[in-house]
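Here's the structure, in structure tokens; my notes come after.
The values are calculated or read from the model by the stated rules, or taken from the named source; none is laboratory data. Note that the structure is a prediction, hence the values are computed from the model and not measured. Neighbour counts run over all protein chains shown; Cβ positions are idealised from the backbone, glycine included.
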Amino acid sequence: MTSRFATHEHHEFLEAAHEALGSPNLQLALSRLGETLAAGNRSAFERLPGSSLLRDRARAIKDETLAHLDEHIEQLERAVTARGGHVHFASDGADAVAIVREIIRQAGASRVVKSKSMVTEEIHLNQALEEAGVEVTETDFGEFIIQVAGERPSHIVGPALHKTAEEMAVCLNERFNENLTKEPHVMAQFARGHLRRKFAAADVGITGGNFLVAETGTVVIISNEGNARLTTSVPRIMISIVGIEKLIPRFADLPIFLKVLARAATGQKMSIYTSLVTGPRQPGEADGPEETHLVLLDNGRSRILGSPMRESLFCIRCGACLNICPVYRKIGGHAYGGTYSGPIGAVITPLFDGHAQNHHQPHASSLCGACQAACPVKIQIPELLVRNRAAQHDEHVTPRGEEFIYRIWNRVLQSPFWYRVLTRTTSRLMSWLAKDGWVKRLPGPLAGWTSCRDFPAPAKKSFRDQWREESGR
């Protein structure tokens, strides 16, 4: 049972976006974003005294950490190994998958439970483990639904946000031959019973990590369900796969990020579950894994670290920019084609996977700045999107016809004479096409603009002409 939205490749962005706009169920699901997560973000920060200063502090910590990332990674490795944990370094996704598969093979394991993790989606871990004969079960309810449906997450925080309750019930009923109704408590009760059996039988628990504390070697996992806590405590082996940009230097820094992450993601003062795992179970401790492994993933992050796009690594994966973005709130996450969607996805997906495969993403933005205003670490997302657009031009990814038009436009803007000629000609043509003050249909390649909206007719007199009349020049 696979969503058509989930199967689009990068180069099909326009087709996927058009299909998303025509889906009543998806539009209904997305329409709730402004009233729920986006509204919660705004009100939560408004109720927090000095919230802007707190966000500035979080940004400064990320900046300082990345400036000395090599030192913090070394400190993290020492802290983890001192507590009896194991640290592995993965240069890319294939390397990370190989490390995880080898850990599972050496343990003689065959059953894995996972807590929600975008980085494992990034490296396509589930597919690789299943191909190796390992049973993998997603235990976050949203991820569980997505796995059953054979789809990808459409949102960083709410992976099944694009589905209505009715669609979720149908999905579960078809997969498990049940007769569940759409009421949330009914589906949750079924999932609880099913997943508890998976937890009890699992040999390995796999998690991501919201933060890594270099000082103590602590993996911090934040959720609103108990699945992450069970994943880290019931199986005898725990594997955490975390991007190297998730480090913070000191344990004293953690409360700052806990405050801004919860508010930005869901509008809460604090998420319900914050799990801190510092190595395997110690003598005298009642629960926890017998063996812990931390896989530090690069996968292009070091390359970004030394580039003008460095600021994109400040991201704490809260999803706030998705919730507020007018583009995401119309087309959802699957249309973007990559693991990460929305404004931050349009920034980092081309950096991870290349501009040629993702040339539409940086242009899927109005550059209105709402994403930057919502970001808990004040990432200058519009500026990064413009830089991605410039990089596409430098790499000649932009279609030739588009490049030709921009080259001509550049020449026109540098010539007052040709600018006046072009604007007057265009104004007269548009006035001729207009009816009742609006142009209903533009000709040629411009027809795409008026396919779903009208274009305002130009003023009878241009600004230059009005200025000349007023000034008497």
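Of the residues making up segment 179-215, just one is in a loop (DSSP other than H, G, I, E, B), among the aliphatic types (A, V, I, L, M), closer than 30 Å to Pro289 by Cα and in contact with a helix residue (DSSP H, G or I) (Cβ under 6 Å, 6 or more places away or on another chain), namely Ala214.
Among the residues of this structure, Leu442 counts as one that is part of a loop (DSSP other than H, G, I, E, B) and under 30 Å from Leu21 (Cα atoms).
Figure legend. Inter-residue proximity from segment 360-387: first residues within 22 Å of Arg57 (Cβ to Cβ) and in the same structural domain as Ala17 (by TED's automatic domain parsing), second residues surrounded by fewer than 23 Cβ atoms within 10 Å (Cβ to Cβ) and among the β-branched types (Val, Ile, Thr), beta-carbon distance below 9 Å, spacing 6+ or different chains. No pairs are indicated. Annotation note: Cβ proximity below 7 Å between a residue of segment 448-473 that is closer than 17 Å to Tyr419 by Cα and a residue that is in a helix (DSSP H, G or I) (sequence gap 6+ or interchain) occurs for Pro458/Ser427; Pro458/Met430; Pro458/Ser431; Ser462/Thr423; Ser462/Ser427. Screening segment 243-294 for residues that are among the polar types (S, T, N, Q) and touching a strand residue (DSSP E or B) at 6+ places or on another chain (Cβ under 6 Å) and picking the one that is surrounded by the most Cβ atoms within 10 Å (Cβ to Cβ) gives Thr292. Residues that are among the charged types (D, E, K, R) and either touching a residue at least 24 places away in the same chain (Cβ under 8 Å) or within 13 Å of Glu311 (Cβ to Cβ) (or both) within segment 43-69 comprise Arg55, Asp56, Arg57, Arg59, Lys62, Asp63, Glu64, listed in sequence order.
Residues that are assigned to a helix (DSSP H, G or I), farther than 25 Å from Ile381 by Cβ and of a type in the set (D, E, K, R) within segment 50-87 comprise Asp70, Glu71, Glu74, Glu77, Arg78, listed in sequence order. Among the residues making up segment 15-36, those that are among the hydrophobic types (A, V, I, L, M, F, W, C), surrounded by 14 or more Cβ atoms within 10 Å (Cβ to Cβ) and at pLDDT 85 or above are Ala16, Ala17, Ala20, Leu21, Leu26, Ala29, Leu30.
Of a type outside the set (D, E, K, R), surrounded by fewer than 23 Cβ atoms within 10 Å (Cβ to Cβ) and touching a residue at least 24 places away in the same chain (Cβ under 8 Å), is that true of Ala346? Answer is no for this residue. Out of everything in segment 295-334 that is farther than 16 Å from Thr349 by Cβ and within 12 Å of the chain's Cα centre (by Cα), what residue ends up being surrounded by the most Cβ atoms within 10 Å (Cβ to Cβ)? Of everything passing the filter in segment 295-334, Ala320 is surrounded by the most Cβ atoms within 10 Å (Cβ to Cβ). Mind checking whether some residue in segment 63-77 is in contact with a Lys or Arg (Cβ under 8 Å, 6 or more places away or on another chain) and at pLDDT 95 or above? There is at least one residue in segment 63-77 that is in contact with a Lys or Arg (Cβ under 8 Å, 6 or more places away or on another chain) and at pLDDT 95 or above. Of the helices (runs of 4 or more DSSP H) lying entirely inside segment 90-178, those containing at least 2 residues that are under 18 Å from Gly208 (Cα atoms) and assigned by TED's automatic domain parsing to the domain that holds Ala38 span 93-107, 118-122, 125-131, 141-149.
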